[in-house]
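Input: a single structure, listed below in C-alpha cells.
Rule-based calculations on the coordinates, nothing more; no lab input. Source: prediction; values computed, not measured. Methodologically, a virtual Cβ is constructed for each residue, glycine included, from the backbone with ideal geometry; neighbour enumeration extends over all protein chains shown.
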Amino acid sequence: MYRANLPTGSCETVTVNIERGMTAGTIAGMLHEKGLIRSPAYFKFVSIIKGYSRIFKAGEQPLNGSMTALEMARRLTNNPPVPPDIRVTVIEGLTINETASLLEKEAGIDSSAFAELADDPHIAKQLGVDNDTLEGYLYPDTYFVRVGTKPMEMIERMVMQFNRVFADSLMARADSLNISIHDIVTLASIIECETARDEERPLVSAVYWKRLKKGYPLQACPTVQYILGSKRKLQDEDLKIDSPYNTYIYPGLPPGPIANPGEKSLLAALYPADTAYLYFVSDGKGGNTFSRTLTEHNRAVRLYKRQRKQSSMR
C-alpha cells in the first residue's frame with residue numbers, strides 16, 4: 001500500500017479538469033491515465049477514508065507526478081481551481097494603442113505597460129523586428145489568454161504568431177519582388193485599413209504598387225488618420241499636415257506600418273491583382289470604385305460626394 005502512495009516521478013505539469021459531480025473513482029482513473037498516480041484503487045481508497053471525496057473542487061487543476069497520491073487528493077480539495085483562459089479576438093487593422101485597450105478590457109492586461117513595451121525600439125530589436133516599434137507585427141488573431149498574463153508575454157505571443165504566418169514562402173515572395181518584409185507589412189497595413197472586402201484587397205494592392213512604380217503619392221487616407229490618431233472623416237486641411245506618414249505630401253511608403261494587418265492583407269500586398277487601375281474611392285456602400293484614368297476617378301468621386309450629401313439630408 002505504501003508503494004501505491006509514492007509519486008510517479010513525472011515532473012511535467014498536467015492540467016486536469018475536475019467536473020462537478022465526479023466521483024473519486026472517476027478522478028482516480030483520469031489521474032492514472034495521465035501518469036500522475038500509481039494506483040487508482042489506492043487514490044480512491046484514501047480519498048474516501050480521509051473524507052476528501054465529498055469536497056473535491058470542480059475546475060482546472062495543475063498537477064504533476066512529484067506529489068504522493070495523498071497529497072494530490074488533498075490538493076484537489078484545498079487548491080483554488082485555475083481560472084479558465086480568456087478568449088480574446090484581436091481584429092485586423094488595430095493600432096498598438098487600440099490593441100492595448102482591447103487586451104486590458106477583455107483580459108485585464110495593463111494597457112499602458114503593453115503600449116509602452118510595444119513602442120520601445122529595444123523591444124522591437126530584441127524580437128527581431130526591423131522597426132522602431134512593433135506596429136504591424138502584433139498579429140491579429142483569436143488568443144486564449146491566461147489570467148495574470150504579463151504584457152510582455154502577450155507581446156511575445158503576438159509577434160511569434162506573426163512569424164508563423166509570415167513563413168518562408170512569403171519571405172521568398174518578398175525577395176522575388178525585391179522588397180523588404182518591413183515594406184510589405186507597411187503596405188499590407190494600409191490595405192487593411194482601406195477595405196474590409198477580401199475581393200478588393202488585391203485590387204487596392206495593385207493600385208498602390210502601380211503608384212509606387214510611377215512615383216505617384218499613394219494618397220491613402222488611413223495614413224493621415226494614423227497621424228491624427230483618429231479614424232474620423234478627413235478635412236482638406238488634414239491632408240496638408242507635414243508628416244512623413246502623410247502620403248498626400250510624400251511619395252512612397254510611410255516610414256512604417258499604420259496598423260496590424262492580417263494574413264489576407266499580407267498576401268494581397270505580396271500578390272497584387274493584374275489590373276490597370278490607378279485610383280479608387282469609396283462607393284458609400286462599404287466598398288470602393290476603381291478607376292483606370294483620372295477622368296473616371298473624378299466622376300466616381302463626384303458620385304460618392306453626391307450620395308453622401310443625399311444620405312446626410314435624410
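Miscellaneous remarks
- With the convex hull drawn over the C-alpha atoms of region 2-78, the volume per residue is 70 Å³.
- Over the chain, DSSP H runs of length four or greater, each weighted -39,500 (n - 2.57), average out per residue to a 222 nm ellipticity of -14000 deg cm²/dmol.
- Amide H contacts under 5 Å for Val145: Ile86, Arg87, Val88, restricted to partners 5 or more places along the chain or on a different chain, H placed in the peptide plane at 1.01 Å from N.
- Residue-by-residue Karplus 3J(HN,Hα) for region 237-252, coefficients 6.51, -1.76, 1.60, Hz, glycine and proline x: 5, 5, 6, 9, 4, 7, 8, x, 7, 7, 7, 8, 9, 9, x, x
- Taking label positions 7 Å along the Cα-Cβ direction at both Ile91 and Arg54, the computed distance is 5.2 nm, reported to one decimal.
- Proximal charge balance of Glu296 [Cβ under 14 Å; K/R count +1, D/E count -1]: +2
- In order along region 174-190, phi translates into HN-Hα couplings of 4, 4, 5, 8, 6, 9, 6, 4, 4, 5, 5, 5, 4, 4, 4, 5, 5 Hz, rounded to whole numbers, per the Karplus curve 6.51 cos²θ - 1.76 cosθ + 1.60 with θ = phi - 60° and x for Gly and Pro.
- Environment charge at Pro261 (Cβ cut-off 9 Å; Lys +1, Arg +1, Asp -1, Glu -1): -2
- The peptide list 119-128, 275-284, put in order of mean Cβ contacts within 10 Å with the highest first, becomes 275-284, 119-128.
- From the coordinates shown, Cα Rg over 2.2 N^0.38 Å corresponds to which of (i) 1.00; (ii) 1.41; (iii) 0.93: (ii)
- Between the beta carbons of Ser176 and Tyr250, assuming R0 = 30 Å, the FRET efficiency works out to 0.65 to the nearest 0.05.
- Between Lys213 and Cys11, the contour length at 0.36 nm per residue exceeds the Cα-Cα span by 66.9 nm.
- Sequence ranges 99-109, 199-209, ranked by mean other-Cβ count within 10 angstrom, highest first: 199-209, 99-109
- 16 Å cut-off, amide nitrogen to a point 7 angstrom out along Asp120 Cα→Cβ, residues in region 135-162: 135, 150-159
- From phi via Karplus (6.51, -1.76, 1.60), per-residue ³J(HN,Hα) for region 126-142 in Hz, x at Gly/Pro: 4, 8, x, 9, 8, 6, 6, 9, 9, 4, x, 10, 8, 5, x, 6, 9
- The magnitude of the dipole of region 2-78, with charges of +1 and -1 set on the Cβ of Lys/Arg and Asp/Glu and taken from the Cα centre, is near 300 debye.
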